[in-house]
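Derivation of every value follows stated rules applied to the coordinates shown; laboratory data play no part. Note that the coordinates shown come from a computational prediction; the quantities given were computed from them, not determined experimentally. Note that we place each Cβ from the backbone using ideal geometry, even for glycine, and neighbour counts take in every protein chain shown.
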2 protein chains.
Amino acid sequence: MSIQTLAKQFVEMCNQGKNFDVMHTLYAPDIVSVEASGQETAGQAAVIEKSKRWAAINTIHGEKVRGPFFNGANQSSGQFAVHFTFEVTPKATGQRITLEEVGVYTVKDDKITREQFFYEGNW
Amino acid sequence: MSIQTLAKQFVEMCNQGKNFDVMHTLYAPDIVSVEASGQETAGQAAVIEKSKRWAAINTIHGEKVRGPFFNGANQSSGQFAVHFTFEVTPKATGQRITLEEVGVYTVKDDKITREQFFYEGNW
């Protein structure tokens with residue numbers, strides 16, 4: 001599978017709200033997830049757990065994903081980027097907000113081996 | 001200067017169409033620019049020349065920059081990302097198009113030392 005095929009599948013599934021299906025099917029067992037703070041989480045199960053914790057403390061109204069954007073997509077390994085816009089209400093505040101972020105994904109052997117997030121605001 | 005200060009200046013200047021001022025003032029002398037194809041260009045002068053060539057073959061109607069988005073912005077070195085939307089007419093075709101791309105920028109000692117572009121489409 002090319003990076004383009006994988007990345008388009010990624011965006012399509014995210015735009016359908018199937019983020020956890022993406023993680024289960026496209027994330028490598030040893031994926032490393034890097035938050036905007038620089039904190040790293042290693043391993044598919046731990047990364048999924050981290051996302052579940054985020055989903056548990058926010059009400060997610062909608063998600064739009066722009067992209068995928070490619071770098072070196074002709075190879076079987078390389079990177080792609082996407083731009084996310086989330087409409088969420090943090091349960092702690094009850095105030096609906098728009099969150100924008102960029103994700104950069106590294107692909108190797110048909111799996112995502114690294115995700116790195118870039119957020120707005122102070123970190 | 002923090003990465004946040006630099007990145008906000010970057011976005012503000014780009015949104016004013018001052019992309020070349022950004023390159024002259026914020027790019028390190030030994031900056032490396034990585035195109036979506038994987039091709040690398042090294043050195044501020046060579047990178048500016050590359051951008052001039054692009055500007056010469058396109059009529060640029062507008063540019064909108066989303067972000068900056070941060071990763072590890074509390075440090076004096078790290079990365080930020082932006083999402084560009086260009087409205088351009090390639091002189092070769094005469095057909096106006098919208099180009100979206102993501103740029104990931106590495107900052108060290110108050111200068112941008114690396115830029116990596118992610119484009120839509122086939123590369």
>> Quick check: the distance between the Cα centres of segment B:3-52 and segment A:1-80, to the nearest angstrom?
In response: 28 Å
>> List the residues, sorted by chain then number, that are 5 or more residues from A:Ser37 or on another chain and whose placed amide H is less than 5 Å from its amide H.
In response: B:Gly72
> Relative to the present Cα-Cα distance, how much length would full extension add between A:Met1 and A:Thr98 at 0.36 nm per residue of separation?
Replying inline: 31.6 nm
> Which chain B residue hugs the B-A rotation axis most tightly by its Cβ, and what is that distance in angstrom, to the nearest whole number?
Replying inline: B:His83, 2
>> Could you work out [θ]222 nm for the protein assembly as shown from helices alone, using -39500 (n - 2.57) per DSSP H run of at least four and dividing by all its residues? Round to the nearest 500 deg cm²/dmol.
In response: -8500 deg cm²/dmol
>> What do you get for trypsin sites (Lys or Arg not before Pro) in segment B:11-76 restricted to DSSP loop and a cutoff of at most 16 other Cβ within 10 Å of the site's Cβ?
In response: B:Lys18
> What are the nm distances, shortest first, from B:Ser51 to its equivalents in the other copies, labels at 7 Å along Cα→Cβ?
Replying inline: 3.5
>> What's the magnitude of the charge dipole for chain A around its Cα centre, counting Lys and Arg as +1 and Asp and Glu as -1 at the beta-carbon? Answer in Debye, nearest 20.
In response: 200 debye
>> Please enumerate, by chain and number, the lysines with C-alpha under 16 Å from the C-alpha of A:Lys111, excluding those fewer than 8 residues away in the same chain.
In response: A:Lys8
> When Cβ neighbours within 10 Å are restricted to other protein chains, what is their mean count per residue of peptide B:60-70?
Replying inline: 4
>> With the label 7 angstrom out along Cα to Cβ, how close does A:Gln9 come to the same site in each of the other copies, in nm, nearest first?
In response: 4.4
>> Going 7 Å from the Cα of A:Asp109 along its beta-carbon direction, which residues of segment A:10-33 have the amide nitrogen within less than 17 Å of the resulting point?
In response: A:25-32
